[in-house]
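Scroll down for the structure; my scribbles are underneath it.
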């Protein structure tokens, strides 16, 4: 829940509803401001000098306790910081952690270009979008301004991506800035030894500046305050990324304290984005063995993940393994997802495994977690099925069943929308256990048969094996009378609908004598003697077939042909063998 | 300003203007009792008509701050220390001979008074622990794990021993998978024997998991509880989808801990805990499992639910003041964790690092939010996890390298 | 479930949605073909009933004719220390669910609208007596509500007996409704709290009183009371009113105390009847949002199902984001639609007199709750689409809110602004600012009052002024601060 309240913001706006900003009302604009979706300056009337007092007040209120700073240019501008709360569940975390990978000025040109290429082109597809890295940190290893300038030139020639110029020497930074003309790089860094000169550069060039004071929060706060007072407008803080026994504890303590001081204790001096440098783990690791190199990269990845979880707004990373990038971009994507928004996946008819026309049809909601879990459970159980992911606004089964987004109508609509009837021979829909109460209504609306599945998708495999069977007994299609035809079926879904489908399609009335063969299809049931004359007779008796039907002829498929004589003998009914494909001909008469 | 001065000022201005054409004054203040501006009709400035729907932000003419000198302002950073009305109970695993059991080592979790690793406020008494997952039958596990345990996978006792000796597990969880009626339907009695065997083989405490089959688990856990009387195990788990009352009874009778399991819902977790407490289970015999969703598959929900539970507990919510547990092994359900190099190596990197990273990052994210005990599977993830925990909780401190040297490190 | 082993058919949640078609039905009870049918729960003294007794007044199932429809009365009598009259409706609502759990037994609607069917299949399996249904109800009620110490179920199929009971039942329903309608917050000593949705909003707690239903609309004071009785450790619990601190706003010391506790300190004061000051918090499941429309100083209501933007240009979902989350947000309040019927509806803010816009479907639903004189004066989306139109509409209809609007004021020219501290560097603005009518006309929808603040209004030119004539601006007590003042020489001959 935002600390900013709509009325508070609204009262400071011009309140004219002039619509210049693109919103119909100032109230609507106020909402956008609260969500940091628009800049205040999009409102022209507020820029009128007579509104300056309100403008200033709004700027003050709208400035988050951890200020936002920007670097980079054009479409590659990156904003970091801008945090409103410590814990993401209190509102959301704005401005995902920027991941910057390093290069340096003692790499030869081709090596440098290759690395820049890797950084800027790597991406992974994840829930509908491509996740990529964000920026390049250029280190001045040489200490030579010319060399550094050359490296910076090479980088900017090969990419438009935002860059961070890393050097503690003012002259190197100056050279780098010149070489990166117009790119608005982030400067690293002002320290206790160079802050005046570097501060001067940042101020005159109007560039954002990182303040680094490893392990010394007093110094960090002092430098930040001093620089800000002197006119450096955009800062970021590097409290030091230490790795090691006790040292790691200090690192996350410092990050935590700085973040809490800014947000919960109103310490404006430290209300700046936090910079983590997991790349520090490589100090002293020049030229190590391949094994140690990989081990260090592994540790750096873990360290980076820890910092993402503990408030880092930007990370400078050295490792460039694929398995470094992958978990980090996914982690950032996960933690920076807005917890207030129901994470939804696109509604669709999703094939699981390799479903065919006889595979089961299941339905679930498009709440991301539900959809993933169900999908995963089905895949793990190696089930081939059609999974309808229906639109419930991203709300899960239990809540949407209670809230109304999941109801008989919406389920029936989903069947139509995704043309499920064209994909399968049967007309059986499996619904989640929590939606049991809609069964009858769905059947009435859609004409499909509904099977109530388990509450938990983990039990689907068991359900399909043991419970997914057609109801047995003397059943019917339409409204049959005493003279209507009678068809034999088993409670195996495939076999059942082999008979029922043609009848449904022909829109006729007929009886179905469904025998419990423990879910076995015709062939197997006959072979294993689960389908025999006795079983058929039993069903006839229980269903009162003799009383209800005068035309005593049972139509059976060729697969059960061997039973013809025994059935006739046991039931005294006539038996006609008819291939299911011929059913339409028979009933048309 | 006296009139003479104004006249002089005016003359000076004119002089400068003649020479330079333009005079720029900085930081000017004009004060007057009265100031009159004469406007001629038709000359009054017109504000330009508003551009049609200009959505690009305009520029508020901001004052260019005066160039100030760089002056060091010394400040002291005040550590933002807070007080918390609540505290987490401490839960013990295992009982020594003196206490009536046979464990040579016991383990404790919980007891926190401040949020995780807030050492600037207080040093929480117990560190996060790792319990290695062991199964009572050979399982089809991802290759990196299988490689380490292949020779012992047919003997849970040996498996457990190896996990502790070679891979530093703090505890072991034996999952009695084979008792599932659809797998081997091992009778409860036999499962109990397996537990006895493992207890004999190791000195550390043990956690027991059923197969997940809600009809069979109560029986199995009851038998295991009886067989391990006085060893203070944890029975995994009590949840709303099975007859948890039986598990609670067994726990009370034989003095074991119970894992209170719900699915990513703070209210439901509270409710489940309350049911267990009402049934007479002591508070310090309960550990909460709010469900762990893997990185990339919902980690953010676990992240926030665990954080909310722990923070609420510290703020005084009594029914959430138990330690937290994570089925971190769930991370292996992620495709990114288990897909082979053949299939996905070129895109995602080698599984040798990818898999353990997936598990380690899932676990550590939750450790940072208050989780106390972690069920894990891969030696490499366990190792890095324990290293990080050591680094985070040790009272010793390594010597730091001059950190800013990273800039000139040539790697 | 093993507690139903003696029932010839299965009993379980999985049967809840079953429908029995005409062809499959053994019997039908109630429904559109039968005039008299009812179901009723009655609280009794312990002495009055026998626990577990199941009575059948009239023919039993096995005595009935297949395929026919019959009248039916279901009477469930309960007794127990914690049982009281107010719980009857809450328990009664569960009959529907419990009967549906029986395989092959369908139950629709409630009260005097019930419609039941038993399937042929279940009948053939042996479900041929109301005894079985009675047993199911008895066991489910008892397991779900431990406060029921004794329960007795009677099925009435004798038409004469049904007639007698039916009349009584109708009176009982009416009495209940009247009581619920007439009940006021001052009539009770305690309210009830609900934290069912704290999963979504940790600091939220609903305070439910007779005049303020939960904002999800699902739990009224009676429901909450029953739930608190049944499950004191559950999400519903008693909230002693304490002292009445403010009658108009509805502030009670007991409520404040509980809010503080349950929100872990986040919320300290609650005004039950206002959406300003210390409004009741919201979670995320409110049925509607009451929102303040500053342009007309009125209140609008928008419901969850409303598509598109409300009159203030914001959609329900947008406002919901800021309304929920368990914080107190002035001017935006989550409410239940039923709350609009309450005599205390936004009492401190003006009640219905302050309401200016409501979606048409909601207006229809609560029509009878709107004071007659106001019904035509409250706009819907069919009448206006934005606040400018709304303002005009309210004026035209003479809505009482119009009387509250302040007079439009023109700024005085001779007053000097206390500060005029703007630099002259790159600027489109020159001092002083003058707005000409051309610009005013460019503002769509006319000139809202606010625009008139502090801006000099000049018609095109100055009426009556001859060319060359002008006017003077006299600033008193002036302090002008500029960062840069540029004095430029004017070229001779240039203008």
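The values are calculated or read from the model by the stated rules, or taken from the named source; none is laboratory data. What you are looking at is a predicted structure, and each value in this text was computed from that prediction instead of being measured. No Cβ is skipped: glycine too gets one built from the backbone with ideal geometry, and neighbour counts run over all protein chains shown.
Just give me the residues in segment A:450-461 being buried (at least 21 other Cβ atoms within 10 Å of the Cβ) and not in a helix (DSSP H, G or I), in sequence order.
A:450, A:451, A:452, A:453
Conditions (1) more than 30 Å from residue A:88 (Cβ to Cβ); (2) more than 14 Å from chain B (Cβ to nearest Cβ), marked per residue:
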site: C:176; (1), (2): yes, yes
site: C:179; (1), (2): yes, yes
site: C:189; (1), (2): yes, yes
site: C:214; (1), (2): no, yes
site: C:223; (1), (2): yes, yes
site: C:226; (1), (2): yes, yes
site: C:231; (1), (2): yes, no
site: C:247; (1), (2): yes, yes
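Specify which of the listed residues (C:364, C:338) is at pLDDT 90 or above and in a helix (DSSP H, G or I).
Sole residue among the options that is at pLDDT 90 or above and in a helix (DSSP H, G or I): C:364.
I'm trying to understand the selection: among the residues of segment B:247-267, which are within 14 Å of chain C (Cβ to nearest Cβ) and either surrounded by fewer than 16 Cβ atoms within 10 Å (Cβ to Cβ) or in contact with a strand residue (DSSP E or B) (Cβ under 9 Å, 6 or more places away or on another chain) (or both)? First the steps, then the outcome.
If we filter segment B:247-267 for residues that are within 14 Å of chain C (Cβ to nearest Cβ), which is where we start, we get B:262-267.
Across segment B:247-267, the qualifying residue is only B:262.
If the requirement is being in contact (Cβ under 8 Å) with a residue 40 or more places away in the chain and more than 9 Å from every other protein chain (Cβ to nearest Cβ), which of these qualifies: A:179, A:202, A:236, A:213?
Step by step, each of A:179, A:202, A:236, A:213 is checked, and only A:236 is in contact (Cβ under 8 Å) with a residue 40 or more places away in the chain and more than 9 Å from every other protein chain (Cβ to nearest Cβ).
I'm told residue A:380 meets every condition in (1) buried (at least 17 other Cβ atoms within 10 Å of the Cβ); (2) outside the structural domain of residue A:251 (by TED's automatic domain parsing) except one. Can you identify the failing condition by its number?
Among (1) buried (at least 17 other Cβ atoms within 10 Å of the Cβ); (2) outside the structural domain of residue A:251 (by TED's automatic domain parsing), the lone unmet condition for residue A:380 is (1).
Within segment A:57-76, can you find the residues that are surrounded by 15 or more Cβ atoms within 10 Å (Cβ to Cβ) and either modelled with pLDDT of 95 or more or under 20 Å from residue A:259 (Cβ atoms) (or both)?
A:62, A:64, A:65, A:66, A:67, A:68, A:69, A:70, A:71, A:72
Can you tell me which residues in segment A:411-449 are touching a strand residue (DSSP E or B) at 6+ places or on another chain (Cβ under 8 Å), closer than 23 Å to residue C:15 by Cα, more than 9 Å from chain C (Cβ to nearest Cβ) and outside any helix (DSSP H, G or I)?
A:426, A:427, A:428, A:429, A:430, A:432, A:448, A:449
For residue C:135, indicate whether it is free of Cβ contacts under 8 Å to residues at least 60 places away in the same chain and outside any loop (DSSP other than H, G, I, E, B).
Values: free of Cβ contacts under 8 Å to residues at least 60 places away in the same chain: no; outside any loop (DSSP other than H, G, I, E, B): yes.
For residue C:135, the condition - free of Cβ contacts under 8 Å to residues at least 60 places away in the same chain and outside any loop (DSSP other than H, G, I, E, B) - is not met.
Quick one: count up the residues across segment A:337-376 that are within 9 Å of another protein chain (Cβ to nearest Cβ) and either over 11 Å from the mean Cα position of the chain (by Cα) or crowded, with 23+ Cβ neighbours inside 10 Å (or both).
The number of residues fulfilling the criteria is 5.
Only one of these is in the same structural domain as residue C:10 (by TED's automatic domain parsing), surrounded by fewer than 15 Cβ atoms within 10 Å (Cβ to Cβ) and either within 36 Å of the chain's Cα centre (by Cα) or closer than 20 Å to residue C:71 by Cβ (or both): C:164, C:103. Name it.
Being in the same structural domain as residue C:10 (by TED's automatic domain parsing), surrounded by fewer than 15 Cβ atoms within 10 Å (Cβ to Cβ) and either within 36 Å of the chain's Cα centre (by Cα) or closer than 20 Å to residue C:71 by Cβ (or both) holds for just one of C:164, C:103, which is C:164.
What about residue B:340, is it away from chain A (no Cβ under 11 Å) and more than 20 Å from the chain's Cα centre (by Cα)?
In short, yes.
Based on this model, can you work out whether residue C:91 counts as in contact (Cβ under 8 Å) with a residue 40 or more places away in the chain, within 17 Å of residue C:162 (Cβ to Cβ) and in contact with a strand residue (DSSP E or B) (Cβ under 6 Å, 6 or more places away or on another chain)?
The answer is no for residue C:91.
Could you grab me the full set of residues in segment C:309-353 that are at positive phi and touching a residue at least 60 places away in the same chain (Cβ under 8 Å)?
C:313, C:325, C:326, C:346
What strands (runs of 3 or more DSSP E) completely inside segment A:87-191 contain at least 2 residues that are crowded, with 16+ Cβ neighbours inside 10 Å and at pLDDT 95 or above? Spell out the reasoning first.
Working: elements: A:98-104, A:123-126, A:129-132, A:135-139, A:163-166, A:186-190.
The qualifying strands (runs of 3 or more DSSP E) are A:98-104, A:135-139, A:163-166, A:186-190.
Being touching a helix residue (DSSP H, G or I) at 6+ places or on another chain (Cβ under 6 Å) and more than 9 Å from chain C (Cβ to nearest Cβ) is the filter here, so list the residues in segment A:17-39 that pass it.
If the condition is that a residue be touching a helix residue (DSSP H, G or I) at 6+ places or on another chain (Cβ under 6 Å) and more than 9 Å from chain C (Cβ to nearest Cβ), then A:21, A:30, A:33, A:38 are the ones that fit.
Please pick out the residue among C:250, C:265 that is outside the structural domain of residue C:140 (by TED's automatic domain parsing) and modelled with pLDDT under 85.
C:265
Quick one: residue C:377 ticks every box in (1) touching a residue at least 12 places away in the same chain (Cβ under 8 Å); (2) in a loop (DSSP other than H, G, I, E, B); (3) surrounded by fewer than 19 Cβ atoms within 10 Å (Cβ to Cβ); (4) away from every other protein chain (no Cβ under 14 Å) except a single one, so which number is it?
Unmet for residue C:377, out of (1) touching a residue at least 12 places away in the same chain (Cβ under 8 Å); (2) in a loop (DSSP other than H, G, I, E, B); (3) surrounded by fewer than 19 Cβ atoms within 10 Å (Cβ to Cβ); (4) away from every other protein chain (no Cβ under 14 Å): (3).
Mind counting the residues in segment B:190-225 that are assigned to a helix (DSSP H, G or I) and within 18 Å of residue B:102 (Cβ to Cβ)?
Result for segment B:190-225: 12.
Could you identify the single residue in A:531, A:520, A:563, A:503 that is within 21 Å of residue C:23 (Cβ to Cβ) and buried (at least 17 other Cβ atoms within 10 Å of the Cβ)?
Of A:531, A:520, A:563, A:503, the one residue that is within 21 Å of residue C:23 (Cβ to Cβ) and buried (at least 17 other Cβ atoms within 10 Å of the Cβ) is A:503.
Got at least one residue in segment C:84-94 being at pLDDT 95 or above, more than 14 Å from every other protein chain (Cβ to nearest Cβ) and buried (at least 16 other Cβ atoms within 10 Å of the Cβ)?
Checked segment C:84-94: no residue is at pLDDT 95 or above, more than 14 Å from every other protein chain (Cβ to nearest Cβ) and buried (at least 16 other Cβ atoms within 10 Å of the Cβ).
Assuming residue A:392 fulfils every condition listed in (1) more than 14 Å from chain C (Cβ to nearest Cβ); (2) touching a strand residue (DSSP E or B) at 6+ places or on another chain (Cβ under 6 Å); (3) crowded, with 22+ Cβ neighbours inside 10 Å apart from one, which condition is it?
Result: residue A:392 passes all but (1).
Counting just the residues of segment A:245-267 that are outside any loop (DSSP other than H, G, I, E, B), facing chain B (nearest Cβ under 7 Å) and out of contact with any helix residue (DSSP H, G or I) (no Cβ under 8 Å at 6 or more places or on another chain), which one comes out surrounded by the most Cβ atoms within 10 Å (Cβ to Cβ)?
A:256
Quick check: anything in segment A:4-15 closer than 22 Å to residue C:310 by Cα, crowded, with 22+ Cβ neighbours inside 10 Å, under 33 Å from the mean Cα position of the chain (by Cα) and within 7 Å of chain C (Cβ to nearest Cβ)?
So far as segment A:4-15 goes, yes, one or more of its residues are closer than 22 Å to residue C:310 by Cα, crowded, with 22+ Cβ neighbours inside 10 Å, under 33 Å from the mean Cα position of the chain (by Cα) and within 7 Å of chain C (Cβ to nearest Cβ).
Looking only at segment B:143-160, count every residue that is in contact (Cβ under 8 Å) with a residue 24 or more places away in the chain and within 21 Å of residue B:351 (Cα to Cα) and tell me the total.
4
Residues to consider are C:296, C:329, C:311, C:355; find the one that is away from every other protein chain (no Cβ under 12 Å) and either surrounded by 19 or more Cβ atoms within 10 Å (Cβ to Cβ) or under 20 Å from residue C:400 (Cα atoms) (or both).
Sole residue among the options that is away from every other protein chain (no Cβ under 12 Å) and either surrounded by 19 or more Cβ atoms within 10 Å (Cβ to Cβ) or under 20 Å from residue C:400 (Cα atoms) (or both): C:355.
Based on this model, can you work out whether residue A:464 counts as over 24 Å from residue A:585 (Cβ atoms) and either part of a helix (DSSP H, G or I) or modelled with pLDDT under 95 (or both)?
yes
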